[in-house]
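Just so you know, all these numbers are worked out from the coordinates, no wet-lab data involved. All values derive from a computational prediction rather than experimental measurement. Here the Cβ positions follow ideal geometry from the backbone for every residue, glycine too, while neighbour counts run over all protein chains shown.
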Amino acid sequence: MDVSLQQFYQEMKASGQSLRPRISVRIVEAAAQAVFTVCAFASLLAVVSITLYMIANGIPAIWQIGVKEILFSALWKPVSEEPSFGILYIILSSVTGTFLAVLLGVPVALLTAVFLAEIAPKRLAAAVRPAVELLAGIPSVVYGLLGLMVLNPVMYRWEQRLFKGSQTHQFTGGANLLSAVFVLAAMILPTVISISESALRAVPEQLKASSMALGASHIQTIFRVAIPAARPGIVTAVVLGVGRALGEAMAVNMVSGGSVNLPLPFHSVRFLTTAIVSEMGYAEGLHRQVLFTVGMILFLFIMLVNMLLHAILRRGDG
Amino acid sequence: MAGKLKDSFVLILICLSAFLSVVLLAGIIIYVFVKGLSVIRWSFLATASSAAKGNVGIAGNIVNTLYVAVLTLVMAVPVGIGAAVWLNEYAGRSRWVRLIEFATETLAGIPSIVFGLFGMVFFGTTLRLGFSVLTGSLTLTLMILPLITRNTQEALRAVPDSYREAAAGMGAARWYMIRTILIPAAMPGIVTGVLLAVGRIVGESAALLLTAGSGYFLPESGQELLYKIMQPGGTLTIQLYLSMAKAQYDVAFGIAAVLLCIIFFFNLLAKLLARKWDLSWKQ
């Protein structure tokens, strides 16, 4: 300690003045800390209560109907005389729809990210990048509206051509799984592009320069060096895309028809999310409880995706 | 030579993908505005729909949207900022920090329809708030909490430690330092976070459908506006959905254009401010 500071301390002590803050300051400080602590625990409390509520509301129907009859039966007749609550096709539709949308959307998004990060002239990239981020804010109902007005008629034409003269095919008017897949693929584009692009741009310049110096072409460098180096970020982008597609309700509800069917491209389908949106309004009794089970299954899927994301992010840190 | 050919092929693929993304996304916007702007006129924006007068208008829905947005922000912003302050300034490196950050991350990943189900049962049934603007706002509060918290955290992290050391060196107590130095220094980041949250709220539909319900009436007096908090109210997104279900497609496109204008305005504002204040993590 400095001599003068020591002296100051001695003098303060001698004068009998306390070095501790005034009592009023100490009370305010303690109160502020308490308030901040409560705020911080709000999100934890929210996650815990949502988990508990989803499980508490989702389990009773399973209990009552039976695991086999609800999860492994494909017969969905919630309002008939002898109701049947098999949600197998609903689960399969959600999984298939999400998978296909990611399969379709991610390559396009990733290549777009490569274009923005590596190939486009700086000024073009600087113009496109904020535009893409802006687009992430388009509400899902708008995607749904466009899907309904633009995509469904196209799908209907395809359907008419493909199933001409078919006796067994139920015509959907274009509201089918394929429409939902296209809409979802478009919806995840902005998210996947933005995140994988920032991951690509974070790859150190030296790494790419070394690869080029060893004689690799620009494209080889991108695919053998830059993309592997940016993998944690890209995987994060894909997982977020999966989460977004899986949880999307309104847009899908508008374009996918809505009968419970085996998820084939030209079938009208019902997803986990759309079952809730379209039936919650009128469902009663057991039907309503089953919808909560559907919600619980969706929630469990999403939690699985979140865990995956968390694991990836952790590994990326280390 | 074969390598070169492959390279150019991949390059073409990359450019095509980029072109596709941009055309697709630009196409969405242009289509909505071309279809929607013809519907928008003063009476569409300033009056509520009324079957008696044969009038179609979305003023009631605009009021509901504003109501939900303001109410949600009033609840979410203080809590979100408080959480970020605790995580960054008080908690140190405890296990709780990791747990709460994990919870925040999880909350951000939960789809809006699940928030809707939870809000409907918890706020609507358990707390007996029913289908109301308040139920909707409480639900959305949970939904945007992570957004506010994370943005504020980033902003606080960007405040140099020398500020904290200088303040502490001058004998400032912690809350005093937070109030007078850290929050003002972090304000740009906080404001952009709030603007992004407004975009999220205005664009939200699934969660509100299950919690705030529908309804397009325009409150006629201040008192009615006050009571509205306990009554159902459909925001613009909900009205768009309902119009579409009733096959009123031009109304739906009109609302879509209004929605895009509002959302782009706030997101653009957030971007411009981030650039003006030089928030590197946002650019």
Quiz item: Of the residues A:V294, A:V28, A:V192, which exhibits the maximal mean-square fluctuation in a Gaussian network model of chain A defined by a 10 Å Cα contact cut-off?
Solution: A:V28
Quiz item: In what order do A:L110, A:L272, A:L45 fall by count of nearby beta-carbon atoms within 10 Å, going from fewest to most?
Solution: A:L45, A:L110, A:L272
Quiz item: Do you know the relative contact order of chain A, to the nearest whole percent, from alpha carbon pairs under 8 angstrom that are 6+ apart?
Solution: 24
Quiz item: Just the C-alpha atoms of segment A:3-65: what Rg/Rh do they give, with Rh taken as the Kirkwood radius?
Solution: 1.56
Quiz item: GNM, chain A, Cα, under 10 Å: largest mean-square fluctuation among A:S256, A:S198, A:S268?
Solution: A:S198
Quiz item: Which GluC sites (Glu not before Pro) in segment B:198-246 pass both tests, a DSSP loop state and at most 13 other beta-carbon atoms within 10 Å?
Solution: B:E220
Quiz item: So what is the 222 nm mean residue ellipticity for chain A from helices alone, if each DSSP H run of at least 4 adds -39500 (n - 2.57) and you divide by all residues, rounding to the nearest 500 deg cm²/dmol?
Solution: -23000 deg cm²/dmol
Exercise. Mind running the shape call on chain A? Use the C-alpha gyration tensor, a ≥ b ≥ c as the square roots of the eigenvalues: rounded below 1.5 for a/c, prolate if a/b tops b/c, oblate otherwise.
Key: oblate
Quiz item: Rg and Dmax of the protein assembly as shown, using alpha carbons, in Å: what are they?
Solution: 26.7, 104
Self-check item: Separation between Cα centres of segment B:7-35 and segment B:201-230, rounded to whole Å
Solution: 37
Self-check item: Distance (nanometres) between label positions extended 7 Å along Cα→Cβ at A:L88 and B:Y176
Solution: 7.1
Exercise. Measure nothing fancy, just the Cα-based angle from helix A:177-201's long axis to the longest principal axis of chain A, in degrees from 0 to 90, nearest 10.
Key: 20
Practice problem: Please label the shape of segment B:152-283 as rounded, prolate or oblate, based on the square roots a ≥ b ≥ c of the eigenvalues of the alpha-carbon gyration tensor (a/c under 1.5 means rounded; beyond that, a/b larger than b/c means prolate, else oblate). | Solution: prolate
Practice problem: Return the loop-located chymotrypsin sites (Phe, Trp or Tyr not before Pro) in segment A:31-78 (DSSP other than H, G, I, E, B) with at most 13 other Cβ atoms within 10 Å of their own Cβ; answer none if there are none. | Solution: A:F72
Quiz item: According to the square roots a ≥ b ≥ c of the eigenvalues of the Cα gyration tensor, what is the shape class of chain B, taking rounded for a/c under 1.5, prolate for a/b larger than b/c otherwise, and oblate for the remainder?
Solution: oblate
Exercise. Determine the distance separating the Cα centre of segment A:175-244 from the Cα centre of segment A:281-304; give it in Å without decimals.
Key: 34
Quiz item: With charges only on Cβ, +1 for K and R and -1 for D and E, what is the dipole size of chain B about its Cα centre, in debye, rounded to 20?
Solution: 260
Quiz item: Each residue of segment A:242-255 in turn: what ³J(HN,Hα) in whole Hz from Karplus with 6.51, -1.76, 1.60 and θ = phi - 60°, glycine and Pro shown as x?
Solution: 4, x, 5, 5, 5, x, 6, 10, 5, 4, 5, 4, 7, 10
Quiz item: What ranking of B:K246, A:K122, B:K228 emerges when the number of other C-beta atoms within 10 Å of each C-beta is taken as an exposure proxy, fewest first?
Solution: A:K122, B:K246, B:K228
Quiz item: Do you know the relative contact order of chain B, to the nearest whole percent, from alpha carbon pairs under 8 angstrom that are 6+ apart?
Solution: 26
Self-check item: Most mobile of B:V56, B:V159, B:V22 in a GNM of chain B (Cα contacts under 10 Å)
Solution: B:V22
Exercise. Sum up the charges of everything whose Cβ sits under 14 Å from the Cβ of B:T65, counting Lys and Arg as +1 and Asp and Glu as -1, but leave B:T65 out.
Key: +1
Exercise. Give the long-range amide H neighbours of A:W76: residues separated by 5 or more places, or on another chain, with amide H under 5 Å away, using H modelled in the peptide plane at 1.01 Å from N.
Key: A:G86
Quiz item: In nanometres, what is the gap between the two model label sites at B:R128 and A:V95, each 7 Å from Cα along Cα-to-Cβ?
Solution: 4.4
Self-check item: Label-to-label distance, nm, for residues given as A:S210 and B:L45 (7 Å Cα→Cβ offset)
Solution: 5.7
Exercise. Would you mind checking which residues have amide H under 5 Å from B:A48's amide H? H placed 1.01 Å from N; only 5 or more apart, or other chain.
Key: B:A59, B:G60
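By counting other Cβ atoms within 10 Å of each Cβ, how are B:T149, A:T96, B:T192 ranked from fewest to most?
A:T96, B:T192, B:T149
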Quiz item: When the Karplus curve 6.51 cos²θ - 1.76 cosθ + 1.60 is applied with θ = phi - 60°, which whole-Hz ³J(HN,Hα) does each residue of segment B:41-58 get, with x for Gly and Pro?
Solution: 9, 4, 5, 5, 8, 9, 10, 9, 4, 8, 5, 5, 8, x, 10, 10, x, 10
Quiz item: Normalised by the residues of segment B:14-92, what does the relative contact order come to in percent, with Cα pairs under 8 Å and at least six apart?
Solution: 14
